[in-house]
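Step one of this worksheet: look at the structure below.
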Amino acid sequence: MGKNEKDSKRSLSRRDFLKGSAAGALSVAAAGLLGGVALAQEGSGTYKPGTYSATAQGIGTVTVTMTFDAESITDVQVDVSQETPNIGGLHGEELAQMILDAQSAEIDTISGATTTSSAAAKAAQACIAQAKGETVEISANQASADYEVPAELTKEEVEGSACELGAVTPDEVKDYDVVVVGAGAAGVPAAGFAAEAGASVALLQKEASVVSQGNCASAIIKSKSTEGGIMKWVHHTNGLNDWRADTRLLKAYADNSEEALMWYLNRAGLTQETEYGDGTKVDDNAKCSELLNNGNGLFAYLSTSQDLTGVWNDRLDSYYYGEDHCYFMAPWIGPKPQNVGNVLQVVLDNVVAANPNLEVFYSTPAVQLVKDGDKVTGVIAKDSDGKYIQFNASKGVILATGDYMNNDAMVARWCPDIADFDKKQYHKTGDGHILALSAGAKMEPLGHTKMMHDFDSGQMYEEPFLYLNMDGERFTNEYTGFVYMGNVLKYQRRYSGANVDANHPDGSRGWYCTIYDSDYVNWPQDEFVSNMVPPEGMEKYIPGAVEDPQGVFPNLIDSYCCDTLDELAEKLDIPADALKASVDRYNELCEQKNDTDFGKPAKYLHPIKTAPFWGVRKHIRVSSVDSGVMTNENGQALNADGEVIDGLYCVGNLGGPFYGGADYPFHQTGLSLGRCYTFGMIAGKHAAAK
């Protein structure tokens with residue numbers, strides 16, 4: 001979620017409803033009634049008795065069905081199945097009860113689900129209007145269902161997005177220098193830098209607020225790096241990308257990321273009185289929480305900054321920097337469950353306040369690009385009332401809509417590895433990809449890069465403990481880094497227990513359990529086993545152990561400490577006999593100091609004997625798909641011949657080829673968000689300068 005509200009609820013007045021119920025806002029079931037329901041008879045009461053249905057646009061479509069007698073509303077049903085499952089999708093029954101209790105559409109919004117609440121209120125107002133015999137207007141302006149499917153796309157991919165590529169006549173036209181589509185980690189900097197450069201800017205956002213995820217963005221600090229070190233970073237990163245990155249993009253990030261990160265921190269009030277030392281913890285900035293004024297104490301709470309010098313290595317690779325240095329700064333913003341989306345909302349609000357030439361249009365997804373010949377000249381978007389608005393862009397359109405993880409057809413073609421895994425985001429339907437390809441852009445012609453991990457179920461995430469699948473069986477060499485666990489888990493069965501995403505009712509892949517005993521704090525420390533979190537630090541990750549735990553996502557914590565293995569197996573929902581047999585076999589291998597089953601290095605073989613016993617049910621989900629449309633180092637989209645498409649930019653997880661490997665490289669914490677900030681900035685400045 002983005003910006004938090006001051007009050008938990010905000011009243012919606014009748015005027016708000018009527019203002020939002022213009023032509024096109026609502027669609028009503030045939031004849032204003034549900035199929036099979038008899039037409040209401042004329043009567044002398046307030047309402048015509050009967051059952052009426054209407055829909056309104058939330059994040060998806062919200063349908064309200066209401067039954068009336070002559071003087072009252074007797075039943076309300078609110079269908080929110082198309083809303084975000086863990087946000088608006090949670091509140092259908094609550095909204096229905098609110099409408100029924102109020103006997104009107106004048107209800108309060110539910111904190112965190114304002115878009116869904118407003119849509120339910122609009123649809124309820126339309127039902128009431130029907131029951132009173134009033135006219136409910138329906139816009140006839142809809143995009144044609146007949147259109148030519150652009151090259152490199154299928155109709156299923158288009159239909160899985162918010163795009164409407166058929167012919168449509170806009171209801172209104174607005175003129176700007178730059179139009180940015182998407183208010184996230186790339187879109188906010190793009191709009192902000194363009195506006196601060198003097199351009200008139202429209203920022204279109206599909207959601208009702210700024211949306212981003214994650215807590216860490218990083219940048220290369222040139223003053224602390226050598227020229228040779230930076231170029232070694234480029235070479236090193238390309239190697240981790242299977243040598244398939246465009247190194248011009250990597251160099252553009254290295255040259256510009258410091259400016260982008262400092263802009264973000266500065267506009268959020270996070271740089272004042274804050275000192276970033278070499279790898280030291282970032283101090284709290286009291287002024288930050290005062291500036292944000294949201295009551296949640298957002299601040300830069302941790303630093304994983306690092307100086308890459310000498311020998312860098314992880315469990316599989318090493319790279320020699322020698323005497324050169326490449327220093328990256330990596331502040332973590334939060335704490336959880338707050339994330340960079342909360343901070344970016346503050347950044348955007350501050351930039352808008354200082355730059356009246358920047359206008360933001362929430363709940364207004366882009367549905368088409370406008371072209372003049374081969375040049376992209378604008379965007380047609382659709383607001384929450386169903387009105388089509390053409391936003392002309394004399395200098396350029398910057399697409400920053402994020403990835404396509406929720407577009408099943410695109411996933412099946414470009415990144416099938418992630419199909420059976422739960423997703424960390426919703427409504428990432430490849431809208432920008434569809435729009436760019438419809439304008440002649442070219443998709444990265446290789447298997448796309450995915451980012452999959454779990455930082456949230458427990459405090460530790462890749463220590464070489466014993467790993468068991470959900471059948472209680474050991475299945476891998478635990479020396480494998482957590483970056484690659486998604487690949488390993490492709491071959492393990494689905495799990496349908498606690499915390500499984502609502503989009504996978506039959507279960508999802510990506511589940512396993514890490515098992516260890518209370519002696520883990522005495523393990524010898526090395527570069528891969530360091531800073532073992534003591535038991536007291538793990539408590540907030542145990543469901544129910546701490547009242548109102550801070551710094552976590554409460555719905556994702558999944559760690560347990562038990563006196564017996566039987567009890568631990570019950571908590572983890574795996575068969576006790578299988579768990580104990582796996583532990584017995586593992587202890588045998590530990591005694592032998594030779595892992596003949598999976599080959600884990602002997603120094604990481606520690607028996608599981610000392611109670612209490614620990615277990616963490618890990619949940620590997622998809623954070624992002626990090627590949628997309630071919631671009632150059634300015635973020636400009638390229639066609640199949642490698643030529644710039646005039647007027648079109650693709651940035652963030654929509655624009656590539658910055659990566660190239662099967663998996664996101666974790667040699668630099670925060671590289672993903674840092675890349676988004678940086679190329680948003682580059683595109684915003686480049687477009688504004690035209």
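Laboratory data are not the source of any read-out in this text; all were calculated from the coordinates shown. All values reported here derive from a predicted model rather than from experimental measurement. A quick note on method: Cβ atoms are made from the backbone with ideal geometry, for glycine too, and the neighbour counts reach across all protein chains shown.
Once both axes come from the Cα atoms, what is the angle between helix 340-354 and the longest principal axis of the chain, in degrees from 0 to 90, rounded to 10?
Helix 340-354 sits roughly 50 degrees off the main axis of the chain.
Please list the radius of gyration and Dmax for the stretch 497-553, considering alpha-carbon atoms only, with Å as the unit.
Final numbers for Rg and Dmax: 15.4, 42 Å.
By count of other Cβ within 10 Å, fewest leading, how are LEU638, LEU468 ordered? Kindly include the intermediate steps, with their values, before the conclusion.
On the way: LEU638 19, LEU468 25.
Ordered from fewest to most neighbouring Cβ atoms within 10 Å, LEU638, LEU468 come out as LEU638, LEU468.
So for the chain, averaging the separation of alpha carbon pairs under 8 Å that are six or more residues apart and normalising by length, what relative contact order in percent results?
Over the chain, the number comes to 17 percent.
Under 5 Å between amide H atoms, partner at least 5 residues away or on a different chain: which partners does LYS371 have, H built in plane at 1.01 Å?
For LYS371, whose amide H was placed from the backbone, the distant partners under 5 Å are THR377.
Using a Förster radius of 41 Å, what is the FRET efficiency between ASN522 and ASP420 based on their Cβ-Cβ separation? Nearest 0.05, please.
Numbers: r = 38 Å, r/R0 = 0.94.
Efficiency, from the Cβ-Cβ distance: 0.60.
If you count, for each residue, the other Cβ atoms within 10 Å and average over each peptide, how do 372-382, 168-178 line up from highest to lowest?
Going from most to least packed, we get 372-382, 168-178.
Given +1 on the Cβ of Lys and Arg, -1 on the Cβ of Asp and Glu, and no further charges, what dipole in debye does the chain carry about its Cα centre, rounded to the nearest 20?
On the way: 54 positive and 94 negative charges, 222 e Å.
For this selection, approximately 1060 debye.
Please report the equivalent ellipsoid semi-axes of the stretch 151-234, computed as sqrt(5 x eigenvalue) of the Cα gyration tensor, largest first, in whole Å.
Output for the stretch 151-234: semi-axes of 34, 20, 14 Å.
Over the chain, with a single point scatterer placed on each C-alpha, what log10 of the ratio I(q)/I(0) does the Debye formula yield at q = 0.07, 0.08, 0.09, 0.12 1/Å?
Debye curve over Cα of the chain, log10 I(q)/I(0) at q = 0.07, 0.08, 0.09, 0.12 Å⁻¹: -0.51, -0.66, -0.83, -1.37.
For the chain, what is the calculated [θ] at 222 nm in deg cm²/dmol (nearest 500), taking -39500 (n - 2.57) for each run of four or more DSSP H residues and dividing by its residue count?
Per the formula, -7500 deg cm²/dmol.
As I understand it, the value is the acute angle between the Cα axis of helix 114-131 and the longest principal axis of the Cα atoms of the chain; what does it come to in degrees, rounded to 10?
Tilt of helix 114-131: around 30 degrees.
Based only on other Cβ atoms within 10 Å, what is the fewest-to-most ordering of PHE361, PHE598?
Lowest to highest Cβ neighbour count: PHE598, PHE361.
Across the stretch 379-396, in residue order, what do the Karplus-derived ³J(HN,Hα) couplings come to in whole Hz, using 6.51 cos²θ - 1.76 cosθ + 1.60 with θ = phi - 60° and x for Gly and Pro?
Residue by residue, the stretch 379-396 yields 9, 9, 10, 10, 7, 5, 8, x, 7, 8, 10, 8, 9, 6, 10, 6, 10, x Hz.
If R₀ is 56 angstrom, what is the calculated FRET efficiency for the pair ALA545 and SER223, using the beta carbon separation as r and rounding to 0.05? All intermediate terms of the calculation are to be shown ahead of the outcome.
On the way: r = 45 Å, r/R0 = 0.80.
Result of the calculation: an efficiency of 0.80.
Label points 7 Å out from Cα along the Cβ direction at ALA412 and ALA581: separation in nm?
3.8 nm
So what's the angle, to the nearest 10 degrees on a 0 to 90 scale, between helix 576-592 and the longest Cα principal axis of the chain?
Computed tilt is about 30 degrees.
Compare the Cα positions of ILE221, LEU579, HIS448 along the charge dipole of the chain (+1 at Cβ of Lys, Arg; -1 at Cβ of Asp, Glu; about the Cα centre) and return the one farthest towards the positive end.
ILE221
Applying a 10 Å radius around every beta-carbon, put 121-131, 239-249 in order of their mean neighbour count, most first. Before the final figure, lay out the partial values.
Working: 121-131: 27.5, 239-249: 18.1.
For the peptides 121-131, 239-249, the packing ranking is 121-131, 239-249.
Amide H to amide H under 5 Å from TYR321: which residues, 5+ apart in sequence or cross-chain, H placed 1.01 Å off N in plane?
Long-range HN contacts for TYR321: GLY310, VAL311, TRP312.
For VAL149 and ARG248, what is the calculated FRET efficiency with R₀ set at 45 Å and r taken between the beta-carbons, to the nearest 0.05?
0.90
Tally Lys and Arg at +1 and Asp and Glu at -1 over the other residues with C-beta under 15 Å from the C-beta of ASP506: what net charge comes out?
Here the charged neighbours net out to -1.
Taking a label point 7 Å from the Cα of ASP374 along the Cα→Cβ vector, which residues of the stretch 380-424 have an amide N closer than 19 Å to it?
Within reach of a label on ASP374, which here means backbone N under 19 Å from a point 7 Å along Cα→Cβ, the stretch 380-424 contributes 395-397.
Output wanted: per-residue J couplings in Hz (rounded whole) for the stretch 556-562, from phi through Karplus 6.51 cos²θ - 1.76 cosθ + 1.60, θ = phi - 60°, x for Gly and Pro.
For the stretch 556-562, the Karplus curve yields 10, 5, 7, 10, 9, 10, 9 Hz.
How would VAL64, VAL500, VAL179 line up from fewest to most surrounding beta-carbon atoms within 10 angstrom?
Ranked by crowding around the Cβ, least crowded first: VAL500, VAL64, VAL179.
Can you give the extra length, in nm with one decimal, that the chain gains between GLU94 and ALA353 once fully stretched, where that is 0.36 nm per residue apart less the Cα-Cα distance?
Result for the pair: 89.7 nm of gain on full extension.
HN-Hα J couplings of the stretch 473-480 from phi, Karplus 6.51/-1.76/1.60, θ = phi - 60°, integer Hz, Gly and Pro as x?
10, 5, 9, 7, 6, 6, 6, 4
Less than 18 Å from a label point 7 Å out along the Cα-to-Cβ axis of ASP563: which backbone N atoms in the stretch 520-545 qualify, by residue?
545
Taking a virtual spin label 7 Å from the Cα of GLU159 along the C-beta vector, which residues in the stretch 413-429 bring their backbone nitrogen under 20 Å of it?
413-414, 427-429
Considering only ALA105, PHE679, TYR659, whose Cα is most displaced toward the positive end of the charge dipole of the chain, charges sitting on Cβ of Lys, Arg (+1) and Asp, Glu (-1)?
Value computed over the given set: PHE679.
Amide H of VAL180 versus every other amide H placed in the peptide plane: which residues, excluding those fewer than 5 positions away on the same chain, fall under 5 Å?
So VAL180 has HN proximity to ALA202, LEU203, LEU204, ILE398.
Need the full-extension length gain, THR46 to LYS609, defined as separation in residues times 0.36 nm minus the C-alpha distance. One decimal, nm.
Computed gain between THR46 and LYS609 is 195.3 nm.
So for the pair GLU588, ASP101, with labels modelled 7 Å out along Cα→Cβ, what separation do we get in nm?
Output for this residue pair reads 6.1 nm.
By the scheme Lys and Arg +1, Asp and Glu -1, what is the net charge of all other residues having a beta-carbon under 14 Å from that of LYS206?
Once positives and negatives cancel, what remains is -4.
Could you let me know the centre-to-centre spacing of the stretch 356-374 and the stretch 615-642, using Cα atoms, in angstrom?
Result: 22 Å between the Cα centres.
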